[in-house]
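Visitor: Have a look at this one before I ask anything.
The values are calculated or read from the model by the stated rules, or taken from the named source; none is laboratory data. Predicted, not measured: the structure shown is a model, and the values here were computed from it. Cβ sites come from the backbone with ideal geometry, for glycine too, and all protein chains shown count toward neighbours. Remember, those area values only see protein heavy atoms, side chains included, never the ligands or the DNA or RNA. Shrake-Rupley method; radii C 1.70, N 1.55, O 1.52, S 1.80 Å.
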Amino acid sequence: MTEIKGTTSVCGLIGNPVAHSISPLIHNSLAAFCDVDLAYVTFQVQQEAVADAIQGAYALDIKGLNVTVPHKQAVLGKLSDIDPLAKAIGAVNTLVRTGNGYKGYNTDITGLARQLEEAGIALAGQEVIILGAGGAARAIAFLCASEGAKSVYLLNRTVEKAQQIAQDVNQNLQTDTVGAMPVSDYVNLPGRDYIVLQTTSVGLAPNQDAAVIENADFYRRAAVGVDIIYNPAETRFMKLMKAQGKPAYNGLKMLLYQGVAAFELWNQLKVPQEAVNEVYKRMKKELGIVE
Ligand code: ATR
């Protein structure tokens with residue numbers, strides 16, 4: 001932990017609730033490992049106070065903020081600038097101080113991109129299946145289409161939500177890459193060797209024994225799976241994937257890299273891999289995850 005001095009700059013998290021966030025551990029560890037004079041704290045902010053919080057943070061010379069549920073959309077109107085991918089997604093989780101206000105980014109999605117890259121999973125030219133059609137699926141659909149995936153199928157229990165995302169992404173990126181279908185139609189999917197990205201809340205503790213699709217054939221036809229859930233560390237989706245001999249990853253690296261990406265934006269540096277590895281170890285210890 002950095003020794004707090006007169007020179008220490010502050011970054012923090014706004015959201016509600018924030019008490020159980022792992023972000024203070026990520027950023028204070030990064031600050032210590034990278035020898036950056038920065039302290040990171042959480043701020044519980046009510047919905048109606050988001051504008052005041054951002055204005056106040058700017059007045060207090062706060063260097064950067066992370067934004068979590070439920071404010072990721074509410075902050076959009078309070079920024080001086082926004083990264084194009086974050087704008088297209090319509091959600092921001094990182095604010096970076098500039099000369100005339102905060103610029104918004106979405107490091108949740110750049111974090112996932114970095115996790116995929118590290119795992120050797122290239123989206124370009126590939127067929128991707130996204131399970132779910134919530135906020136995370138929306139961001140991931142934008143990422144897949146903008147990285148040049150050959151096709152993206154959004155499968156959701158409520159097909160209308162998947163259709164809306166498909167329409168938004170296709171329109172925004174001037175493509176017809178993204179399609180939507182009810183989960184139950186997975187048997188009709190053409191092709192094989194899909195990258196499957198699991199974004200639903202199904203399988204999250206305490207409902208660990210559930211997966212959106214149980215059928216072994218679906219997993220046999222897949223190439224690799226990534227679940228954005230990290231608790232449990234091995235979800236039922238991952239178990240089903242591995243049962244067919246396919247690699248499967250949880251969401252802990254995505255969480256790690258969204259933090260690393262924010263830290264890099266705030267401090268204009270590249271976090272060395274040893275620091276990344278150390279923070280990952282600390283996160284696993286804190287969350288009680290044994291891999
Ligand atoms: P996030 O913003 O984290 O993506 P969300 O917006 O709450 O979370 O989305 C949750 C996703 O999990 C949705 O795709 C939801 O499906 P619906 O749109 O049909 O609600 C999916 N989900 C949650 N519980 C589910 C269940 N029991 N079976 C199938 N899908 C489920």
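Visitor: State whether the residues of the range 54-72 include one that is out of contact with any strand residue (DSSP E or B) (no Cβ under 9 Å at 6 or more places or on another chain), open to solvent by less than 40 Å² (accessible area, probe 1.4 Å) and either part of a strand (DSSP E or B) or within 16 Å of the ligand (Cβ to nearest atom) (or both).
Guide: No.
Visitor: Where the second residue is more than 16 Å from the ligand (Cβ to nearest atom) and open to solvent by less than 10 Å² (accessible area, probe 1.4 Å) and the first is assigned to a helix (DSSP H, G or I) and lies in the range 110-138, which pairs have Cβ atoms under 6 Å and are six or more apart or on separate chains?
Guide: Gly111/Tyr257; Arg114/Tyr257; Gln115/Tyr257
Visitor: Does His27 satisfy the criteria of being open to solvent by less than 30 Å² (accessible area, probe 1.4 Å) and not small (Gly, Ala, Ser)?
Guide: yes
Visitor: Name the residue that is surrounded by the fewest Cβ atoms within 10 Å (Cβ to Cβ), counting only residues in the range 30-53 that are among the aliphatic types (A, V, I, L, M) and part of a loop (DSSP other than H, G, I, E, B).
Guide: Looking at residues that are among the aliphatic types (A, V, I, L, M) and part of a loop (DSSP other than H, G, I, E, B), I get Val36.
Visitor: While we're here: Checking the condition within 15 Å of the ligand (Cβ to nearest atom) and surrounded by fewer than 24 Cβ atoms within 10 Å (Cβ to Cβ), which residue from Ala136, Ala113 passes?
Guide: The match here is Ala136.
Visitor: Assess whether Pro206 counts as being more than 16 Å from the chain's Cα centre (by Cα), modelled with pLDDT under 95, more than 22 Å from Tyr280 (Cβ to Cβ) and of a type outside the set (D, E, K, R).
Guide: yes
Visitor: Related question: Within the range 120-132, can one find any residue that is β-branched (Val, Ile, Thr), open to solvent by 30 Å² or more (accessible area, probe 1.4 Å) and away from the ligand (no atom under 13 Å from the Cβ)?
Guide: Taking every residue of the range 120-132 in turn, none turns out to be β-branched (Val, Ile, Thr), open to solvent by 30 Å² or more (accessible area, probe 1.4 Å) and away from the ligand (no atom under 13 Å from the Cβ).
Visitor: Let me ask something else. So which helices (runs of 4 or more DSSP H) are wholly in the range 211-291 and hold at least 2 residues that are closer than 30 Å to Ile82 by Cα and in contact with a helix residue (DSSP H, G or I) (Cβ under 8 Å, 6 or more places away or on another chain)?
Guide: In the range 211-291, 252-267, 273-287 are the helices (runs of 4 or more DSSP H) which contain 2 or more residues that are closer than 30 Å to Ile82 by Cα and in contact with a helix residue (DSSP H, G or I) (Cβ under 8 Å, 6 or more places away or on another chain).
Visitor: Sticking with this one: Can you name the residue in the range 184-198 that is within 14 Å of the ligand (Cβ to nearest atom) and open to solvent by 20 Å² or more (accessible area, probe 1.4 Å) and is also farthest from Ala124 (Cα to Cα) among such residues?
Guide: Among those that are within 14 Å of the ligand (Cβ to nearest atom) and open to solvent by 20 Å² or more (accessible area, probe 1.4 Å), it is Ser184.
Visitor: Turning to a different aspect of this structure: Please go through the range 240-259 and pick out each residue that is closer than 19 Å to Gly288 by Cβ and more than 20 Å from the chain's Cα centre (by Cα).
Guide: none
Visitor: Residues that are away from the ligand (no atom under 14 Å from the Cβ), out of contact with any Lys or Arg (no Cβ under 6 Å at 6 or more places or on another chain) and in contact (Cβ under 8 Å) with a residue 12 or more places away in the chain: does the range 153-166 have at least one?
Guide: no
Visitor: Only one of Val18, Val92 is modelled with pLDDT of 95 or more, in a loop (DSSP other than H, G, I, E, B) and closer than 24 Å to Ala149 by Cβ; which?
Guide: It is Val92.
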